[in-house]
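For reference, the structure discussed in these notes is given below.
The values are calculated or read from the model by the stated rules, or taken from the named source; none is laboratory data. Owing to the predicted nature of the structure, the values given are computational and were not obtained by experimental measurement. Positions of Cβ are backbone-derived with ideal geometry, glycine not excepted, and every protein chain shown enters the neighbour counts.
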Amino acid sequence: MKKSLLLISFLFLSFTAISSFVPMGTGLNGRVKALVVFNNEIYAGGEFTSPSRVAKWNGASWEQVGAGFSDGIVNALVVHNGQLYAGGTFTQSGANSVKRLAVLTGGTWQEVNGGLTNGAINAFLSDAAGLYFVGNFGVLAPTNISRVGLYNGSTFSQVGNQPAAGSVNAIAKYNSEIYIGGLHTSFPNGVSRLAGSTWTALSGGLNNEVLTLATFNGRLYIGGRFNSPGQYFASYLSGSIGTAVYSLNNHLLSLMATPLKLFGGGSFTTSPSNGSSIPYFFSANISGSPLFSEGSSLNGAIYAMAYQNGKVIVGGDFTANGATNMNRVAISANTIDVMEVAPVVISKNFYPNPARNFSNLSVETKEPLKNPVLLIADSRYRIVEVPVNIIQNGNHTEFRISVSSLASGQYFYTVIDELGQNLFGDRFIVE
């Protein structure tokens, strides 16, 4: 019994990195639509009014940034050339007129180049060419920009030919080219690419609104309200839009890519194609599959995400994670973009994943492992017993695992050495 408890303890410690989200103070009193890390501090923007639509986390509570914004909504935040920019539908910050586009200067929000006289800014892209901003604005003389603009530090300019109507919700750079996504009648396929000075719709177009774009692992990933191709989640590669690895049961509102993982947030709760329960949040590793919940038990949609030192910050409509109150903003309890691996391990490969009958774990180490043990646990960290055949040849260890007795779902594995030291662990799916 003591040994079993010890093994469970090691297994749990191996996966604390995926043990869900924790509150950030008392949270915020309205929807969070934007998150960004600036000078290693977390900033949030949205519809909340206390603080006024933009806030900074000081480690214990949320505090107002400058005078905040007294009207409208903050839809987007971005760091560009060492400064923090905000975009949305707001028009006033204290005594300052700040029409829809503002920059934080000396603790005060200042209007950028006269601002925008109508519509909204929905998203930003910081680039060497300047600050791209997209939305549903249509500004006449003297700037004459519509839906997609570029700020070069002194003036605005139109990017590509002008969409006549609709909204651009997302912008990303993929293979050194600019892509936009939205619901705009001039480019009916949902996503368009800038070819020279002209927007060109991608082939294999989507049947409804695109809300988010992200570049990850050699592909452009697309999320939104569409259900063909893909169910709210699609990807672009080799000139055509196709389905992503897995489908979702509701809208994908936000995507964020880090070097190791792709994160998604939205109003979905499951992935019908692989049976995963993923309440409003998922991660996918660099191989592109499968989708993991990272322990999320949130009760509402995620609209925004940010990344700080291996931890993920999420914002949206949620008010709790399981039995824990967390009002609309939360941070992962531990790093979820880093899976700890002992220094003795050179490489590891678990395949196939998802698994059906058998899976193999191939491990290369700097020295031979002595009496290694492989543990398997279910999604509630309960150890399950399955046949494991271990083959060792010098510094190479092969674990052949029979999973045919396991029900479909998410599982964890961890490897420990004869001294009980955790070497590494990861997750896998059984179909």
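Filter region 53-87 down to residues that are modelled with pLDDT of 95 or more and out of contact with any strand residue (DSSP E or B) (no Cβ under 6 Å at 6 or more places or on another chain), then give me how many there are.
Of the residues in that region, 5 qualify.
Do we have T105 as surrounded by fewer than 15 Cβ atoms within 10 Å (Cβ to Cβ), modelled with pLDDT of 95 or more and in the same structural domain as T212 (by the TED database) here? First the steps, then the outcome.
On the way: surrounded by fewer than 15 Cβ atoms within 10 Å (Cβ to Cβ): yes; modelled with pLDDT of 95 or more: yes; in the same structural domain as T212 (by the TED database): yes.
So T105 passes the test.
Residues that are at positive phi: which strands (runs of 3 or more DSSP E) entirely in region 184-262 hold 3 or more of them?
Details: elements: 191-195, 198-201, 210-216, 219-224, 233-237, 240-243, 252-257.
Passing ranges: none, list empty.
Is it true that some residue in region 108-118 is surrounded by fewer than 19 Cβ atoms within 10 Å (Cβ to Cβ), modelled with pLDDT under 95 and within 24 Å of the chain's Cα centre (by Cα)?
No, there is no match, as no residue in region 108-118 is surrounded by fewer than 19 Cβ atoms within 10 Å (Cβ to Cβ), modelled with pLDDT under 95 and within 24 Å of the chain's Cα centre (by Cα).
Looking at the structure I just gave you, is I313 in a loop (DSSP other than H, G, I, E, B), out of contact with any Cys (no Cβ under 8 Å at 6 or more places or on another chain) and buried (at least 18 other Cβ atoms within 10 Å of the Cβ)? Working first, answer last.
Values: in a loop (DSSP other than H, G, I, E, B): no; out of contact with any Cys (no Cβ under 8 Å at 6 or more places or on another chain): yes; buried (at least 18 other Cβ atoms within 10 Å of the Cβ): yes.
Answer is no for this residue.
T155 is checked against (1) touching a strand residue (DSSP E or B) at 6+ places or on another chain (Cβ under 8 Å); (2) under 26 Å from R193 (Cβ atoms); (3) surrounded by fewer than 18 Cβ atoms within 10 Å (Cβ to Cβ) and fails just one. What number does that condition carry?
(1)
What is the one condition in (1) of a type outside the set (F, W, Y); (2) within 19 Å of L125 (Cα to Cα); (3) modelled with pLDDT of 95 or more that G316 does not satisfy?
Going through the list (1) of a type outside the set (F, W, Y); (2) within 19 Å of L125 (Cα to Cα); (3) modelled with pLDDT of 95 or more, G316 breaks only (2).
Looking at N299, N285, can you tell me which residue is under 21 Å from V430 (Cβ atoms), free of Cβ contacts under 8 Å to residues at least 40 places away in the same chain and assigned by the TED database to the domain that holds N29? Talk me through it step by step, then tell me what you get.
Working: N299 fails: under 21 Å from V430 (Cβ atoms).
Answer to the selection: N285.
Which residues, taken from region 192-236, are closer than 16 Å to K173 by Cβ and charged (D, E, K, R)?
Matches in region 192-236: R193, R219.
If I filter region 173-181 for residues that are on the phi > 0 side of the Ramachandran plot and modelled with pLDDT under 95, do I get at least one hit?
Taking region 173-181 first, the residues on the phi > 0 side of the Ramachandran plot are 175-176.
Going one step further and asking which of them are modelled with pLDDT under 95, we end up with 175-176.
Yes: region 173-181 contains one or more residues that are on the phi > 0 side of the Ramachandran plot and modelled with pLDDT under 95.
Need pairs with beta-carbon distance below 9 Å; first residue among the acidic types (D, E) and within region 126-142, second surrounded by fewer than 21 Cβ atoms within 10 Å (Cβ to Cβ) and assigned to a strand (DSSP E or B); sequence gap 6+ or separate chains.
D127/H80; D127/L150; D127/K173
Condition check: under 25 Å from T335 (Cα atoms), in a strand (DSSP E or B) and either among the aromatic types (F, W, Y) or not assigned by the TED database to the domain that holds G181 (or both). Does F268 satisfy that? Quick ask: steps written out before the conclusion?
Details: under 25 Å from T335 (Cα atoms): yes; in a strand (DSSP E or B): no; either among the aromatic types (F, W, Y) or not assigned by the TED database to the domain that holds G181 (or both): yes.
No.
Check every one of the strands (runs of 3 or more DSSP E) wholly within region 369-425 and list those with 2 or more residues that are without any contact (Cβ under 8 Å) to a residue 12 or more places away in the chain. So that I can check it myself, show each step before the final result.
Values: elements: 373-378, 388-393, 396-402, 409-416.
Passing ranges, in order: 388-393.
Can you find even one residue in region 33-50 that is in the same structural domain as S254 (by the TED database), crowded, with 19+ Cβ neighbours inside 10 Å, of a type in the set (K, R) and under 18 Å from the mean Cα position of the chain (by Cα)?
For region 33-50, residues in the same structural domain as S254 (by the TED database), crowded, with 19+ Cβ neighbours inside 10 Å, of a type in the set (K, R) and under 18 Å from the mean Cα position of the chain (by Cα): present.
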